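Structure first, then comments.
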Amino acid sequence: MRVRRRRTFLIAAAIAIAAVAAAAFAMRNLLSGRTGGPMQVVSAPPDVVARGKYLAEAADCAACHTAPGGTPLAGGLPMPSGYGTIYATNITPDPDNGIGRWSADDFWRALHDGVRRDGQQLYPAMPYTSYRGMTRADADAIYAYLMQMRPMKVANRRTELNFPFNIRLGMAGWNLLFLHDSLPAVSVGSSPAWQRGRYLVNVLGHCGECHTPRGIVGEMELSRSFTGFALGRVAAPDITPAGLAARGWTAAALVAFLGRGLARQGSAFGDMHPVIMLSTRNLTPADLDAVATYLLGDSPPAPTSLAAPDPAEVAADANGAGRISYVALCAGCHGLEGNGMPNTVVAMRNNSTLRLADPRNLIVAMLDGIGAENFPHRQSMQAMPGFADKLSDAEAAALANYLRVTWGGEKGDVTADAVRALR
Amino acid sequence: MTIPIRPLTVTINGRQHGPMDVPEGLMMIDVLHEMLGLTGSRLGCGIGICHACVVIWDRDDQTSEEVRTCITGAGFFDGKRIRTIEGTAQTDERGEIVALSPVQQAFLDQFSFQCGYCTPGFVNAATVLVERLKRAPVPRGEVQATVAAALETHICRCTGYVRYYQAVRDVILTTPGLTRDGT
């Protein structure tokens, strides 16, 4: 109740502040708002452009600003939310559709304040809430890189938000409440690697935008940073030091996962796969180490090794329904002992998804399957079929429980209702 | 070491097999090959990619679908009805083939395959498609795309697919009731 009352208060406060802010910002922004102006000509030294490219990849601009199969950075990816759909915009230097008329100051304002060149507020689907911590030099380097790309004449799609969220000025009030100069540290540390990692993770990588739970008006609940959240169908798991260690993650495993998309704990799937392919695979070894150092802290918690299955939980599957389904549908590839096949099929034993307390991602993978995926260094994983039409809710629940208990060290507490809810 | 045993009863091409003891973990293709002498289904990749091993699963709701036997355990088929390539053509009481199915005949007429390793899978996929279209015809203009979508998971390394797809398209367009007017 207290949480709900606090939220109600926050919404009321947000609306009130938005109204007050509206007057002030309307004067300033609408008067200063610009749409025309000259095409910017940017000449930056090659090393700055190269650094900008590296930073743009670390900031994973492409994941959203490129539509599936679309022109790189020309926008178009639809981002559905509870408030409507937002389309990522064209950030190539096209003067009419992209940022061709934007100055470095305009670009900085977008990243730092969430304000477009025309003075309109951005929505926090654009993670300026994280990018706000970016240094001006890094923002300028990304700008220099983007401005030397080929301009693409790809029109932007209008956002389709419901009232009152379609009033961009409301975001001014939202920003007063929820836009912070820096995001809290998720681990304890002070080493140079840890500090670099904090910048890479909290700011450029904007990891918290998916991995931190969101509140009722879409704000990151920073007191629960990195504890995991289901923004889409596949949830972003808990990546706090404790959460990672509980699923057996070590710094070396994180480096392998972020650099190659594959680790003993499993392969990247869902929204994390493009993150690997477009962003983290490009990080230098030193930066990957820094990310792992920050995620786990300067004194990483010891990884929890997988315990033997709890006999009580095993006994709960008295008729062996879960194992029967596993042998029938899964063992052909994942193996009777859950060891998978090297370079082809991930292991179930110790799999990070099986070791999550929340069964959501396991159920989603079983129902939907996972498409064939390519990984760096010419690695690939074959497609996993979905079994939605071959497993009843009860069968799927029993199978999920068998997997969790046998190779995840988790409880067999998945119910048929939990499966039905995800169909 | 003992291997756990599971009972299996399965109806294949209209004939019931079992109950028989099957080692747990045996994939259905091995049961077909090693225990039942039905060697027509092909083991290709063994990891569910090439689809040479598919059989037809006749579901209780009168629909049919492909199942990859190289990655599906025998236990999945307990109590189920399936068809393999051996059951596709019409045979007489002595087991001699008297008539090929329209899909089989079309593959022969159009020289669809060369080495033939993938052919049982293609026959089953095309048969499932024809049966689906009997229940839900598609506009004639969509036949090409429908065939491509239905067969695209099947891998053939000899022929480049063109004659397979062409043969199935012809079967669909010349069999009454599988298509309707329109594009």
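Just name the residue that is surrounded by the most Cβ atoms within 10 Å (Cβ to Cβ) out of those in the range A:340-354 that are within 13 Å of another protein chain (Cβ to nearest Cβ) and out of contact with any His (no Cβ under 9 Å at 6 or more places or on another chain).
A:THR344
Report whether or not B:THR91 is modelled with pLDDT under 95 and polar (S, T, N, Q). Let's see the steps before the verdict.
Details: modelled with pLDDT under 95: yes; polar (S, T, N, Q): yes.
Yes; evaluated as a whole, the condition is true for this residue.
Applying the selection to the range B:63-95, what residues are without any contact (Cβ under 8 Å) to a residue 60 or more places away in the chain, surrounded by fewer than 19 Cβ atoms within 10 Å (Cβ to Cβ) and more than 14 Å from the chain's Cα centre (by Cα)?
If the condition is that a residue be without any contact (Cβ under 8 Å) to a residue 60 or more places away in the chain, surrounded by fewer than 19 Cβ atoms within 10 Å (Cβ to Cβ) and more than 14 Å from the chain's Cα centre (by Cα), then B:GLN90, B:THR91, B:ASP92, B:GLU93, B:ARG94, B:GLY95 are the ones that fit.
Criterion first (under 19 Å from B:ILE71 (Cα atoms), away from chain B (no Cβ under 14 Å), in a loop (DSSP other than H, G, I, E, B) and under 28 Å from the mean Cα position of the chain (by Cα)) does A:ALA357 satisfy it?
The answer is no for A:ALA357.
Are there any pairs, at least 6 apart or on different chains, whose C-beta atoms fall under 9 Å, with the first in the range B:108-136 and at positive phi and surrounded by fewer than 22 Cβ atoms within 10 Å (Cβ to Cβ) and the second basic (Lys, Arg) and in a helix (DSSP H, G or I), and if so, which?
Every condition considered, the pairs that remain are B:PHE111/B:ARG163.
Hey, does the range A:382-390 have a residue that's polar (S, T, N, Q), within 22 Å of the chain's Cα centre (by Cα) and within 14 Å of chain B (Cβ to nearest Cβ)?
So far as the range A:382-390 goes, no, none of its residues is polar (S, T, N, Q), within 22 Å of the chain's Cα centre (by Cα) and within 14 Å of chain B (Cβ to nearest Cβ).
Take B:ASP92 and tell me if it is under 27 Å from A:ILE324 (Cβ atoms) and of a type in the set (Asp, Glu). Even if it seems obvious, please write down each step before you answer.
Details: under 27 Å from A:ILE324 (Cβ atoms): no; of a type in the set (Asp, Glu): yes.
Judged against the criteria, B:ASP92 is not a match.
Can you tell me how many residues within the range A:254-288 are under 27 Å from A:LYS53 (Cα atoms), over 18 Å from the mean Cα position of the chain (by Cα) and surrounded by 19 or more Cβ atoms within 10 Å (Cβ to Cβ)?
2
Look at the range A:66-77 and say how many of its residues are free of Cβ contacts under 8 Å to residues at least 40 places away in the same chain and under 20 Å from A:ARG168 (Cα atoms).
1
Can you give me the ranges of the helices (runs of 4 or more DSSP H) entirely in the range A:269-339 with at least 1 residues that are more than 14 Å from every other protein chain (Cβ to nearest Cβ)?
Once the helices (runs of 4 or more DSSP H) in the range A:269-339 are filtered for at least 1 residues that are more than 14 Å from every other protein chain (Cβ to nearest Cβ), what remains is A:272-278, A:285-296, A:311-316.
Looking only at the range B:62-79, filter to residues that are part of a helix (DSSP H, G or I) and of a type outside the set (Phe, Trp, Tyr); which one of those is nearest to B:ALA52 (Cα to Cα)?
B:ALA74
The rows are residues; the columns are (1) more than 21 Å from the chain's Cα centre (by Cα); (2) surrounded by fewer than 21 Cβ atoms within 10 Å (Cβ to Cβ); (3) not acidic (Asp, Glu).
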| position | (1), (2), (3) |
| --- | --- |
| A:ALA155 | yes, yes, yes |
| A:PHE178 | no, yes, yes |
| A:CYS207 | no, no, yes |
| A:VAL217 | no, yes, yes |
| A:PHE226 | no, no, yes |
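Being over 23 Å from B:VAL130 (Cβ atoms) and either among the acidic types (Asp, Glu) or more than 10 Å from chain A (Cβ to nearest Cβ) (or both) is the filter here; which residues of the range B:45-80 pass it?
B:ASP78, B:GLY79
The values are calculated or read from the model by the stated rules, or taken from the named source; none is laboratory data. Bear in mind the structure is a predicted one, so any value in this text is a computation, not a measurement. Every residue, glycine as well, gets a Cβ built from its backbone with ideal geometry; the counts of neighbours run over all protein chains shown.
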